[in-house]
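Step one of this worksheet: look at the structure below.
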Amino acid sequence: MKLITFTNKGIYCPQGKFYIDPWRPVDFAVITHGHADHARWGMKKYLCHHFTKPILHQRISPDIECQTLQYGEVLDINGVKLSLHPAGHIIGSAQIRLEYKGYVSVVSGDYKIQDDGLSTPFEVVKCNEFVSESTFGLPIYNWLEVPDLNKRLQNWVLRNQENQKTSVFIGYSLGKAQRIMKAVEGMGKIHVHYSIGKLNKAFEEVGIILPDYEVPDFRESIKHVQGDIVIVPPALLDSNVIKKIPDAATAICSGWMQVRGARRWRSMDAGFPMSDHADWKGLLQAIKATEAEIVHVTHGQTEVFSKYLNEIGIKSDVVETLYGDDDEEVEKEKTIIEN
């Protein structure tokens with residue numbers, strides 16, 4: 001049975017007549033989460049978790065037609081039972097479970113096994129067919145436990161404070177920035193870029209409490225942030241904004257910081273391997289737990305990861321998609337316009 005097919009518009013369910021995270025305009029799009037490579041403009045109708053709706057309103061338009069579901073709630077679409085299950089990636093991220101005549105397919109979107117304290121933790125969903133990312137699908141990627149990673153961020157801020165430095169963190173506006181805020185809560189005044197502040201409102205709209213923060217106007221003098229904590233999106237790495245921050249010590253928060261030398265490549269003072277994607281062990285743990293008969297690997301280290309799955313007895317193939325850039329390019333475009 002083919003419950004999902006891979007088309008030039010995206011992942012399609014022919015029985016239900018809807019797409020999952022399509023990259024071209026379609027009539028009905030089911031969205032796994034709010035990152036720009038999975039949630040795009042131009043769809044006639046959207047379906048997502050209710051935590052994701054305010055994100056889509058912020059990033060696409062407040063006028064879109066958007067239906068929402070809670071985790072575990074079942075919707076019958078032309079005989080296909082559709083439900084959303086926590087992916088642990090970012091706020092509102094969901095695995096899409098489809099069931100038709102006893103056959104179950106799960107499209108996981110992006111996911112992580114670690115509980116970051118903000119996202120609803122990942123839920124294992126048994127299925128016949130599983131669609132998985134492999135962004136960090138190499139054995140070199142093994143994340144620190146969240147409390148250990150947070151402690152590293154806190155210690156770095158303390159050292160900067162001792163040296164009268166301003167702690168500047170670079171992280172994606174959706175997901176990463178809010179994790180950084182929680183990690184350094186109570187250590188000093190937090191200032192965030194406008195693009196992060198807008199998305200913080202989406203968290204607050206659904207009742208998620210974030211640490212206190214301010215949104216300075218980076219077009220004006222920002223001398224008052226000296227010695228504090230500043231969080232900006234990756235698009236500002238090579239901009240004048242960071243240069244305006246007084247006595248700045250800069251750190252990138254990204255899974256790519258696991259690789260030695262990545263920090264030096266971007267001339268940062270520090271790099272922390274913080275990721276909203278599963279690491280090598282997390283990917284394998286999740287896939288094995290689904291007991292899927294076949295795994296489709298859609299983006300990331302696809303060839304290597306799919307080959308390994310086949311070698312350990314899990315049938316797998318590689319499917320070409322347009323996922324994988326998260327938010328950096330879209331943030332760059334918006335930042336140029338706003339600043």
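The values are calculated or read from the model by the stated rules, or taken from the named source; none is laboratory data. These numbers were taken from a predicted model, which means no experiment stands behind them. For neighbour counting, all protein chains shown are included, and Cβ atoms are generated from backbone atoms with ideal geometry for every residue, glycine included. For the accessible areas, the whole protein counts, side chains as well, though only heavy atoms, and no ligand, DNA or RNA atoms are used. Shrake-Rupley method; radii C 1.70, N 1.55, O 1.52, S 1.80 Å.
Data overview
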quantity	calculated
Charge dipole (the chain, unit charges on Cβ, about Cα centre) - positive-most of ASN78, TYR194, VAL230	VAL230
Extension gain, GLN161 back to ASN310 (0.36 nm per residue minus Cα-Cα distance, nm)	48.6 nm
Rounded to the nearest 20 debye, dipole of the chain from Cβ charges on Lys, Arg, Asp, Glu	260 debye
Interchain or long-range residues, amide H under 5 Å from LEU47's placed H	ALA29, VAL30, ILE31, GLN67
Between the stretch 49-74 and the stretch 116-190, the Cα center-to-center distance that results, in Å	24 Å
Subset of LYS112/LYS315; LYS182/LYS288; LYS53/LYS112 violating a 25 Å alpha-carbon distance limit	LYS182/LYS288
Spin-label pair ASN142/LYS17, simplified geometry with 7 Å Cα→Cβ offset, distance in nm	5.1 nm
Residue-level accessible surface for ARG219, protein heavy atoms, 1.4 Å, Å²	150 Å²
Taking the convex hull of Cα positions in the stretch 1-143, its mean projected area over all directions (nm²)	8.6 nm²
Additional length obtainable on full extension of the chain from ASP76 to ALA289, 0.36 nm per residue less Cα span	74.1 nm
Average accessible area per residue (Å²) across the chain - probe 1.4 Å, nucleic acids and ligands excluded	43 Å²
Rounded if a/c under 1.5, otherwise prolate or oblate - the chain, Cα gyration tensor axes	prolate
Crossing angle, helix 302-311 versus the chain [Cα axis fit, 0-90 degrees, rounded to tens]	50 degrees
Helix-derived mean residue ellipticity, 222 nm - over the chain, DSSP H n ≥ 4, -39500 (n - 2.57), to 500	-7000 deg cm²/dmol
Förster radius 25 Å - calculated FRET efficiency between TYR103 and ASP27, Cβ distance, rounded to 0.05	0.55
Considering only the chain, percent of DSSP beta bridges that pair antiparallel, nearest 5	35 percent
Solvent-accessible area, 1.4 Å probe, carbon plus sulfur percent, for the stretch 1-98	48 percent
Backbone HN-Hα couplings from phi across the stretch 53-59 [Karplus 6.51/-1.76/1.60, Hz, Gly and Pro as x]	4, x, 5, 5, 5, 5, 8
Amide H contacts of SER119 (H built 1.01 Å from N, under 5 Å, at least 5 apart or other chain)	none
Rounded if a/c under 1.5, otherwise prolate or oblate - the stretch 154-261, Cα gyration tensor axes	rounded
Gyration tensor (alpha-carbon) shape descriptor, the stretch 178-217, a/c threshold 1.5	oblate
Cα→Cβ-extended label distance, 7 Å offset, between LYS45 and MET1, nm	2.3 nm
Mean Cβ neighbour count within 10 Å, used as a protection proxy, ranking 194-204, 43-53 highest first	43-53, 194-204
Spin-label pair ILE242/GLU65, simplified geometry with 7 Å Cα→Cβ offset, distance in nm	4.4 nm
Sequence-distant aspartates and glutamates (8 or more away, or on other chains) whose Cα lies within less than 17 Å of LYS243	ASP217, GLU220, ASP228, ASP269
Note, ³J(HN,Hα) from phi for the stretch 278-291, Karplus 6.51, -1.76, 1.60, rounded to Hz, x at Gly and Pro	5, 7, 3, 5, x, 4, 5, 4, 5, 5, 4, 5, 6, 6
